[in-house]
1. For the stretch 273-286, name all the residues that are touching a helix residue (DSSP H, G or I) at 6+ places or on another chain (Cβ under 7 Å) and more than 12 Å from the ligand (Cβ to nearest atom).
2. Only helices (runs of 4 or more DSSP H) wholly contained in the stretch 1-120 count here; list those with 1 or more residues that are over 20 Å from the mean Cα position of the chain (by Cα) and of a type in the set (Gly, Ala, Ser).
3. Which one is farthest from the chain's Cα centre (by Cα), of the residues in the stretch 294-306 that are under 20 Å from residue 211 (Cβ atoms) and within 15 Å of the ligand (Cβ to nearest atom)?
4. Please determine, by comparing only the residues of the stretch 239-272 that are closer than 15 Å to residue 210 by Cα and within 14 Å of the ligand (Cβ to nearest atom), which one is surrounded by the most Cβ atoms within 10 Å (Cβ to Cβ).
5. Go through the stretch 325-367 and give me each residue that's part of a helix (DSSP H, G or I), touching an Asp or Glu at 6+ places or on another chain (Cβ under 7 Å) and within 15 Å of the ligand (Cβ to nearest atom).
6. What about residue 231, is it within 25 Å of the chain's Cα centre (by Cα) and either within 11 Å of the ligand (Cβ to nearest atom) or loosely packed, with under 14 Cβ neighbours inside 10 Å (or both)?
7. Answer yes if at least one residue in the stretch 308-316 is without any contact (Cβ under 8 Å) to a residue 40 or more places away in the chain, closer than 30 Å to residue 278 by Cβ and within 15 Å of the ligand (Cβ to nearest atom), and no otherwise.
8. Determine if the stretch 303-310 includes at least one residue that is under 22 Å from residue 330 (Cβ atoms), modelled with pLDDT of 95 or more and touching a Lys or Arg at 6+ places or on another chain (Cβ under 7 Å).
Amino acid sequence: MTDHATVFQERVAKAAEICDLSPDLPALIGSAQECLSVHLPLRRDSGALEMVPAWRCRHNAVLGPTKGGIRFTSSVSMDEVEVLAQLMTVKCALVGLPFGGAKGGARVDAHSLSAGELERLSRLYVRGLSSIVRPDKDIPSPDIGTNGQPVSWMADELDRLLGGHTPHAITGKPIEMGGSKGRKEATGYGAYIAVLQTLARLDRAPMDMTLAIQGFGNAGYHLASYLAQEGVRLVAVSDSQGGVYDPDGLNPERLRQHKSRTGSVAGATGRGRTVSIEVDEVLSVDCDILAPAAISNVIDETIARAIEASLVVEVANHGITPDGDSRLADRGILVLPDVLANSGGVIASYAEWIQGHHGEVWEESRVFAEIEERIDSAFSSMWQRMREHDRSLRQAAYDVAIHWLGRAMVARGILPKSS
Ligand code: NAD
């Protein structure tokens, strides 16, 4: 089984070769520039003290301050944080943002914490990792297990530590804390723009397309809803509790209402004879577009053999395993890689960062325009490279990103001019 860290090096090496960059580049960015590992003394409501392992990794700061989420999950590890930080470096470079990649986490099940415990842990995280988490050095945002509330506590704690107001220090904040309009919709909107671009290149009409989505959370719902406006028919959807399939179509808004009433999409009805499906069955239903929008590593080699879709939109970071990716390529299934498909989120974070820096308040339409412009531009470069150099769209994304990053490393004198 090939792991994400190994294929990262391989993709960077291929990109460096085609971009005529020094062969030292893969080694230089093969591991994180800086990783801090701490234990946070969390006082539980019961009075018990729990030492929570936590990390923050800054992968590469050549293009700018590092950027990436903080996750509170029971399975997060330093290795996971490091590979996700690598992914952020590629993502930011691909869409032309002046950021490097970072990621952080604390090993705790966020759902097991009371509100008070979550607040104490959020504040401890910022204090414990404050040598890294600093405005214009490393800018966190929410991720799995952290949302607007934990990051508000983090932002407040950082302001207390620094003795000032730093609205650009953390993104993904609620609007009243200096967050950006459009952030909630941004990831789904960006994936939608990338899908529209792909369909246009393939000369396929959205109205003729069917869609299946694994994970009907923030990103999955917004993607389904924007695509529905173009006439794409959602035929299957699942979340962690179950799923539904209806070849006549499911209405995203009605699904959302059903989920907010019952806690799951399971049991929802569509336009025809809706049937229940297992959580993972959604991946192999008959459809044109499949979007894994839940968790990492869901499409492995076995699932990749069973996929009926001709286009996979990898909304979840590392939604496809490296072996799954090779199998999809062998089968001629086009993959819109995570670094592009979910980049709308970090582009909106960039918009929030600018607003925080300059005391500006942008309208939602301006944030969406920023997302559209950056994704359109990255997509065009990727598509051209894919066609010219006969590579996967994912490798083409790495080519574009590494070309840009490599040029900055040459300009800084970190890399020699060419091999
Ligand atoms: P979310 O928590 O809002 O939704 C996740 C959904 O996945 C939920 O509906 C949950 O029930 C479902 N789910 C969890 N485990 C599942 C399983 N085994 N099978 C089927 N469904 C399952 O999360 P989100 O913000 O929509 O993010 C979705 C994915 O996109 C994540 O992998 C996230 O890392 C990635 N992503 C999100 C953003 C963003 O800004 N929201 C940005 C970049 C990447």
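1. Let us first name the residues in the stretch 273-286 that are touching a helix residue (DSSP H, G or I) at 6+ places or on another chain (Cβ under 7 Å), namely 283-284.
If the condition is that a residue be touching a helix residue (DSSP H, G or I) at 6+ places or on another chain (Cβ under 7 Å) and more than 12 Å from the ligand (Cβ to nearest atom), then 284 is the only one that fits.
2. On the way: elements: 4-18, 25-28, 78-94.
Fully inside the stretch 1-120 and qualifying: 4-18, 25-28.
3. Just the residues of the stretch 294-306 that are under 20 Å from residue 211 (Cβ atoms), to begin with: 294-295, 298-299, 303-304, 306.
Going one step further and asking which of them are within 15 Å of the ligand (Cβ to nearest atom), we end up with 294-295, 298-299, 303.
Values: 294: 11, 295: 10, 298: 15, 299: 16, 303: 21 Å.
Ranking the candidates gives 303 first.
4. Step one: of the stretch 239-272, the residues closer than 15 Å to residue 210 by Cα are 244-252, 270-272.
With the extra rule that they be within 14 Å of the ligand (Cβ to nearest atom), the set shrinks to 244-245, 252.
Numbers: 244: 24, 245: 22, 252: 22.
Ranking the candidates gives 244 first.
5. 338, 341, 347, 351
6. Details: within 25 Å of the chain's Cα centre (by Cα): no; either within 11 Å of the ligand (Cβ to nearest atom) or loosely packed, with under 14 Cβ neighbours inside 10 Å (or both): yes.
So residue 231 fails the test.
7. If we filter the stretch 308-316 for residues that are without any contact (Cβ under 8 Å) to a residue 40 or more places away in the chain, which is where we start, we get 308, 310, 312, 314.
Of the ones still in play, those that are also closer than 30 Å to residue 278 by Cβ are 308, 310, 312, 314.
When the remaining residues are screened for being within 15 Å of the ligand (Cβ to nearest atom), the result is 312, 314.
Checking the stretch 308-316: at least one residue is without any contact (Cβ under 8 Å) to a residue 40 or more places away in the chain, closer than 30 Å to residue 278 by Cβ and within 15 Å of the ligand (Cβ to nearest atom).
8. Here is the first cut: in the stretch 303-310, the residues under 22 Å from residue 330 (Cβ atoms) are 303-310.
Among the residues that remain, those that are also modelled with pLDDT of 95 or more are: 303-310.
Now narrow it down to the ones that are touching a Lys or Arg at 6+ places or on another chain (Cβ under 7 Å): 304-305.
Taking every residue of the stretch 303-310 in turn, at least one turns out to be under 22 Å from residue 330 (Cβ atoms), modelled with pLDDT of 95 or more and touching a Lys or Arg at 6+ places or on another chain (Cβ under 7 Å).
The values are calculated or read from the model by the stated rules, or taken from the named source; none is laboratory data. Every value quoted in this text rests on a predicted model; they were computed, and no experiment measured them. No Cβ is skipped: glycine too gets one built from the backbone with ideal geometry, and neighbour counts run over all protein chains shown.
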